[in-house]
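Take a look at the structure set out below.
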Amino acid sequence: MNVSKNKVVSISYELKVDGDLIDAAQADNPLVFLYGHGQLLPLFEDNIKDLSEGDSFEFMILSKDGYGEANEQAIVELPKEIFVIDGELQEDLLVLGNRLPMRDSEGNALDGTVVDVTGNSVVMDFNHPLAGKDLYFTGKVENIREATAEEISHGHVHGMGHNH
């Protein structure tokens with residue numbers, strides 16, 4: 001069986017950026033996903049298409065094809081007042097490098113990273129943490145199986161006892 005649309009694929013992998021390990025999944029706890037349903041970067045899926053169980057992979061996804069280039073307009077200065085909850089400034093949230101869930105003026109959810117804290121403001125970077133980074137993947141296809149009709153209709157893998 002090969003990696004193709006509507007297959008449940010289990011992989012072990014390492015993701016490195018500039019030689020530093022960023023993310024990994026081991027064979028005893030692999031990443032399990034429904035192939036062809038947009039759960040992973042399109043070029044990641046392209047690079048493992050048609051591989052078989054036991055096949056290894058190694059490839060790079062350039063930043064422009066991964067999470068895009070970093071956008072300077074996504075770095076914004078916000079007033080500290082927006083971090084006041086129940087009348088108290090949430091200082092414990094305003095730590096350099098801390099990633100915070102927020103909403104824009106239209107109510108859309110987005111995550112930002114605290115990059116600077118000044119007297120009256122907080123500078124947040126709303127770029128994806130891997131924007132502007134080339135991604136180097138190595139790994140192995142651990143398992144492939146047919147997806148169930150329910151998994152295909154829901155667009156994701158169901159684990160043991162999963163019901164919704």
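Rule-based calculations on the coordinates, nothing more; no lab input. In this text, all values refer to a predicted model and were calculated from it rather than measured experimentally. Note that each Cβ is placed from the backbone with ideal geometry, even for glycine, and that neighbours are counted across all protein chains shown.
General remarks:
- Of the trypsin sites (Lys or Arg not before Pro) in segment 1-36, the ones in a loop by DSSP (not H, G, I, E or B) with at most 12 other beta carbons within 10 Å are Lys5.
- Interchain or long-range residues, amide H under 5 Å from Ser121's placed H: Lys80
- Computed from point charges on the beta carbon alone (+1 for Lys and Arg, -1 for Asp and Glu), the dipole magnitude for segment 73-164 about its Cα centre is near 360 Debye.
- Environment charge of His37, counting only residues whose C-beta is closer than 12 Å and scoring Lys/Arg +1, Asp/Glu -1: 0
- The three principal axes of the C-alpha atoms in the chain carry coordinate ranges of 59, 40, 28 Å, sorted with the longest axis first.
- Note, ³J(HN,Hα) from phi for segment 55-72, Karplus 6.51, -1.76, 1.60, rounded to Hz, x at Gly and Pro: 6, 9, 9, 7, 7, 10, 10, 5, 3, 4, 9, x, 9, x, 7, 5, 10, 4
- Computed over segment 72-125, the percent of Cα pairs more than 18 Å apart is 25.
- Computed from phi, the 3J(HN,Hα) profile of segment 10-22 under the Karplus parametrisation 6.51, -1.76, 1.60 (θ = phi - 60°) reads 10, 10, 9, 6, 10, 10, 10, 10, 6, x, 8, 5, 9 Hz, with x in place of Gly and Pro.
- Restricting the GluC sites (Glu not before Pro) of segment 1-99 to loop positions (DSSP other than H, G, I, E, B) with no more than 14 neighbouring Cβ atoms within 10 Å leaves Glu69.
- Annotation: amide H-H contacts under 5 Å for Ile22 (H modelled 1.01 Å from N, sequence separation of 5 or more, or interchain): Leu15, Lys16, Val17.
- Local electrostatic count, Asp116, Cβ distance below 15 Å [Lys/Arg +1, Asp/Glu -1]: -2
- Spin-label model, Met102/Asp134: points 7 Å from Cα along the beta carbon direction are separated by 3.1 nm.
- In Hz, Karplus ³J(HN,Hα) per residue of segment 139-155 (6.51, -1.76, 1.60; θ = phi - 60°; x = Gly, Pro): x, 8, 7, 8, 7, 9, 9, 5, 6, 6, 4, 5, 4, 5, 5, 8, x
- Set of lysines with alpha-carbon distance to Lys64 below 22 Å, sequence-local pairs under 8 removed: Lys16, Lys49, Lys133
- Dipole magnitude for the chain: about 480 debye, using +1 per Lys or Arg Cβ and -1 per Asp or Glu Cβ, origin at the Cα centre.
- Extension reserve of the Asp20-Met1 stretch, reckoned as 0.36 nm per residue once the Cα distance is removed: 3.5 nm
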